[in-house]
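Just so it is clear, none of the values below were taken in a lab; they were calculated from the coordinates. Quick caveat: nothing in here was measured; it's all calculated off a predicted structure. Every residue, glycine among them, receives a Cβ derived from its backbone with ideal geometry; neighbour counts consider all protein chains shown.
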Amino acid sequence: MIVKTIIEIKGRDVVTMEPGATLDIAAKLLAGRRIGAVVVLGADDRVVGILSERDIVRAIAERGTGAMQEQVSQVMTRKVVTCTLDETLHAIMERMTAGKFRHVPVIEQGKLSGIISIGDVVKHRIVEIEQESDALKSYIQSA
């Protein structure tokens, strides 16, 4: 299965914010939307970072609750790992595991066109495994 399949099912909606917003606003957005990360877009709508719950927790652990008034740009992960619509879920799972992150923005023609989470990958992998299992059971029963 490729990333495009998940995006077609899930949709292309991505929660984004500007790098000048505060961590307090970002945390409220994450909690309100029940999501684990937000993509940070620059003035040209290009991905300039990603802010996860982990980034916020790390900032608070290092600098205390005053960190909540810092700008997202001060805390976000700047080196964002992205993928394309044509990449396989296997490749994305390997990248997520190796990099220890859970969200990968999808880039199409240089622009943000979706986001894949580890939950999306696992959900679709389970569907694939169930389909394979059903096919094997059907084959065995007909033999």
For this session: Using a cut-off of 14 Å between beta-carbons, work out the net charge of the residues near residue 81 (Lys and Arg +1, Asp and Glu -1, residue 81 not included).
Result: +3
Seminar exercise, completed: Per-residue ellipticity at 222 nm attributable to helices in the chain (runs of n ≥ 4 DSSP H, -39500 (n - 2.57) apiece, nearest 500 deg cm²/dmol) works out to -15000 deg cm²/dmol
Exercise. Looking at the chain, which longest stretch skips every one of the trypsin sites (Lys or Arg not before Pro) that is in a DSSP loop with at most 13 other Cβ atoms within 10 Å, leaving the sites themselves out?
Worked result: 101-143
Problem set entry | Least to most buried among 9, 35, 140 (fewest other Cβ within 10 Å first) | 140, 9, 35
Exercise. What is the Cα coordinate range of segment 49-124 on the first, second and third principal axes, sorted by size from largest, in whole angstrom?
Worked result: 42, 25, 18
Exercise. In degrees between 0 and 90, to the nearest 10, how far off the longest principal axis of the chain does helix 118-142 point, with axes built from Cα atoms?
Worked result: 10 degrees
Exercise. In degrees between 0 and 90, to the nearest 10, how far off the longest principal axis of the chain does helix 89-99 point, with axes built from Cα atoms?
Worked result: 40 degrees
Exercise. Restricting to lysine pairs 8 or more places apart or on different chains, what number in the chain have Cα atoms under 28 Å apart?
Worked result: 20
For this session: Output the antiparallel fraction of DSSP beta bridges having both residues in the chain, as a percent to the nearest 5.
Result: 80 percent
